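Student: Can you keep this structure in mind? I'll have questions shortly.
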Amino acid sequence: MRVITYGTFDLFHEGHRRLLERAKALGDYLIVGVTTDNYDDSRGKLNVRQSLMDRIRNVQDSGLADEIIIEEYEGQKVQDIQRHGVDIFAIGSDWLGKFDYLNDYCKVIYLERTKGVSSTQLRNETGGVIRVGVVGSGRIAARFVAEARYVSGVSVEAVYSRRLSSAQSFAERHELEWANETFADMLKHVDAIYVATPHDTHYDYAKQAIEAGVHVLCEKPMTLVKAQTEELFELAAKHEVVLLEAVKTAFAPGFQRMVAVARSGSIGQVRSVDATFTKLVASGRELHGDDGGSISELATYPLLAVVKLLGTDFTDVATRSLRPDGSEVEVFSRIDIDFPSGIASARTGIGVKAEGELIVAGSAGYVYVPAPWWLTEYFETRFEDQSKNKKYYYKFDGDGLRYELAEFAFMIRNHTPESFKLRAAESIAIAEIIERARATASVFH
């Protein structure tokens with residue numbers, strides 16, 4: 001029986017070895033496909049640290065592969081299976097269902113994920129696998145675990161939820177090693193955490209983790225209060241850990257390029273930013289409580305565009321909000337922000353639907369980013385002379401959470417306290433605008 005499996009095999013660890021052992025046990029001849037850098041890039045795999053030759057050597061040194069091939073392009077698996085007369089295709093269970101189409105060519109077997117993959121030796125020699133714990137067990141946490149498999153050198157190993165039964169169910173579903181009964185417990189066996197809980201809990205979880213020497217990637221908004229956000233960054237600096245706000249748009253290649261183009265002078269001086277993000281919400285926490293409403297839920301995204309394009313030295317904030325009779329929260333808001341050299345408008349809605357576009361107006365032209373601009377794949381620069389117009393295209397892979405996790409992992413490994421893609425001052429400015437907008441809004445019904 002001939003078996004084939006594929007992988008990047010970056011920073012080869014015990015989890016890789018066990019997967020190859022299980023694959024080899026399914027037959028008597030194991031073929032291992034190692035992905036090229038270009039193919040990893042095309043499928044959205046980030047932060048691969050070793051060269052192709054080093055990764056091939058990793059597999060060779062394991063002594064488990066009878067033959068090693070190179071995977072270079074999408075669709076190659078179908079050809080490889082037929083060319084090599086393969087009987088079984090084996091792959092980790094975190095890809096469950098993804099390769100069912102190969103059943104037309106051979107038997108497909110999904111191998112259970114190995115829990116707790118990071119080895120002490122690898123950690124000491126290379127900085128190793130970063131062990132991540134997830135705080136929260138909702139939809140965004142599930143998406144984060146799925147996206148983490150696209151970031152090399154990161155292993156999500158633990159989950160904590162206020163209800164242990166939820167954590168246990170989440171851990172079983174995603175094959176995590178730990179379902180922790182207490183948050184303090186989880187902090188003992190992870191290097192970093194991802195906070196994906198309701199807004200009003202972010203500050204406490206982040207603070208406890210930082211004081212325990214654990215790195216923190218915190219879902220947006222990090223907090224709804226400027227003073228709390230400032231305090232967390234000061235604590236992170238004191239304890240020499242990485243603190244990063246998880247605003248996926250900030251780390252996406254297309255958004256980064258759009259900001260660079262707009263700030264390069266190609267459209268002249270940026271004078272105005274208009275950004276809109278709305279979605280219709282029929283039920284959920286967004287519609288209830290002191291921390292509900294469209295500003296707390298969505299304003300981080302348009303305000304990200306504002307501070308990246310106009311800076312953090314705003315002079316005034318004025319807000320108009322719609323709160324229909326019977327609603328606990330505002331469901332649509334327009335936040336107007338004044339700057340010394342420009343103006344901005346951020347519109348958010350959870351009960352009103354509008355076109356989600358971004359327009360950056362300059363003294364010589366403007367940038368247009370169509371909806372949904374926060375998942376930036378395409379934008380245009382437009383001018384009075386239309387012959388000068390230019391279109392830009394970029395990838396936005398998956399849910400985009402891989403981009404923030406890749407940057408977070410890079411910062412940890414390189415002992416980089418701040419990312420130019422989202423600076424502490426920008427997160428603090430966003431928190432201040434949100435705080436002022438919610439506190440001083442003129443409400444209409």
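No value in this document is a laboratory result; all are computed from the given coordinates. It should be emphasised that the depicted structure is a prediction, and the values quoted were computed from it without experimental measurement. Glycine gets a Cβ as well: all are built from the backbone with ideal geometry, and neighbour counts include every protein chain shown.
Student: Ranking request for peptides 387-396, 330-339: highest mean number of other beta-carbon atoms within 10 Å first, then the rest in descending order.
Tutor: Numbers: 387-396: 12.2, 330-339: 21.3.
Going by the mean number of other Cβ atoms within 10 Å, highest first, we get 330-339, 387-396.
Student: By a straight-distance test (C-alpha under 21 Å), which lysines pair with LYS248 as possible cross-link partners, with residues fewer than eight away in the same chain excluded?
Tutor: Candidates past the 8-residue exclusion: LYS45, LYS220, LYS226, LYS279, LYS308, LYS395, LYS421.
Student: Treating segment 250-444 as a set of equal point scatterers at the Cα positions, no solvent, please give the Debye-formula log₁₀ I(q)/I(0) at q = 0.15, 0.16 Å⁻¹.
Tutor: So the normalised log intensities are -0.95, -1.06.
Student: Taking the chain as a Gaussian network, Cα atoms linked when under 10 Å apart, which of GLY15, GLY289, GLY254 shows the biggest mean-square fluctuation?
Tutor: Comparing GLY15, GLY289, GLY254 in the GNM, the peak value goes to GLY289.
Student: Count neighbours as other Cβ atoms within 10 Å of each site's Cβ, and list the GluC sites (Glu not before Pro) in segment 208-255 that are DSSP loop with at most 15 such neighbours.
Tutor: Taking segment 208-255 and a limit of 15 other Cβ atoms within 10 Å, the loop GluC sites (Glu not before Pro) found are GLU240.
Student: Taking loop as defined by DSSP and a crowding limit of 16 other beta carbons within 10 Å, which trypsin sites (Lys or Arg not before Pro) in segment 1-61 fit?
Tutor: Qualifying residues, ordered by number: ARG43, ARG49.
Student: At 10 °C and 1.306 mPa s, grab the translational diffusion coefficient of segment 120-246 from Stokes-Einstein with a Kirkwood Rh over Cα pairs, rounded to a whole number in µm² per second.
Tutor: 108 µm²/s
Student: Tell me the Kirkwood hydrodynamic radius of segment 192-308 in angstroms, computed as one over the mean inverse distance between distinct C-alpha pairs. Write out the running numbers ahead of the final one.
Tutor: Details: mean 1/r = 0.0629 Å⁻¹.
It is 15.9 Å.
Student: Provide the per-residue ³J(HN,Hα) series for segment 152-169, in order, calculated from phi with Karplus coefficients 6.51, -1.76, 1.60 and θ = phi - 60°, each as a whole number of Hz, with x at glycine and proline positions.
Tutor: 5, x, 10, 10, 7, 10, 9, 9, 10, 9, 4, 9, 4, 4, 5, 5, 5, 5
Student: Right, next: Using just the Cα positions, wrap segment 288-382 in a convex hull and report its mean projected area in square nanometres, one decimal place.
Tutor: So the Cα hull casts an average projection of 6.8 nm².
Student: For segment 1-78, state the semi-axes of the equivalent ellipsoid (square roots of 5 times the eigenvalues of the alpha-carbon gyration tensor), sorted largest first and rounded to whole angstrom.
Tutor: 20, 15, 10
Student: Take the Cα pairs of segment 244-309, get the Kirkwood Rh, then feed it into Stokes-Einstein at 4 °C and 1.567 mPa s and tell me D in µm²/s. The partial results should precede the final answer.
Tutor: Numbers: Rh = 13.8 Å.
The diffusion coefficient I find is 94 µm²/s.
Student: Bin by bin, in steps of 20 Å, what percent of the Cα pairs in the chain do you find, going until the bin that has the longest distance?
Tutor: Once binned at 20 Å, the Cα pair distances of the chain give 24, 51, 24, 2.
Student: Hey, another quick one. Which whole-percent values make up P(r) of segment 328-397 when all C-alpha to C-alpha distances are grouped in 5 Å steps starting at zero?
Tutor: Spelled out per bin, shortest first, that is 4, 13, 19, 19, 19, 16, 8, 3, 1, 0, 0.
Student: So for the chain, averaging the separation of alpha carbon pairs under 8 Å that are six or more residues apart and normalising by length, what relative contact order in percent results?
Tutor: So the answer I get is 14 percent.
Student: Defining a contact as two alpha carbons under 8 Å apart and six or more residues distant in sequence, what relative contact order in percent does segment 120-246 show? Mind showing how you got there, number by number?
Tutor: On the way: 223 pairs, mean separation 26.8, N = 127.
Contact order relative to length: 21 percent.
Student: LYS107: which lysines have alpha carbons under 24 Å from its alpha carbon, excluding same-chain residues fewer than 8 sequence positions away?
Tutor: Candidates past the 8-residue exclusion: LYS24, LYS77, LYS98.
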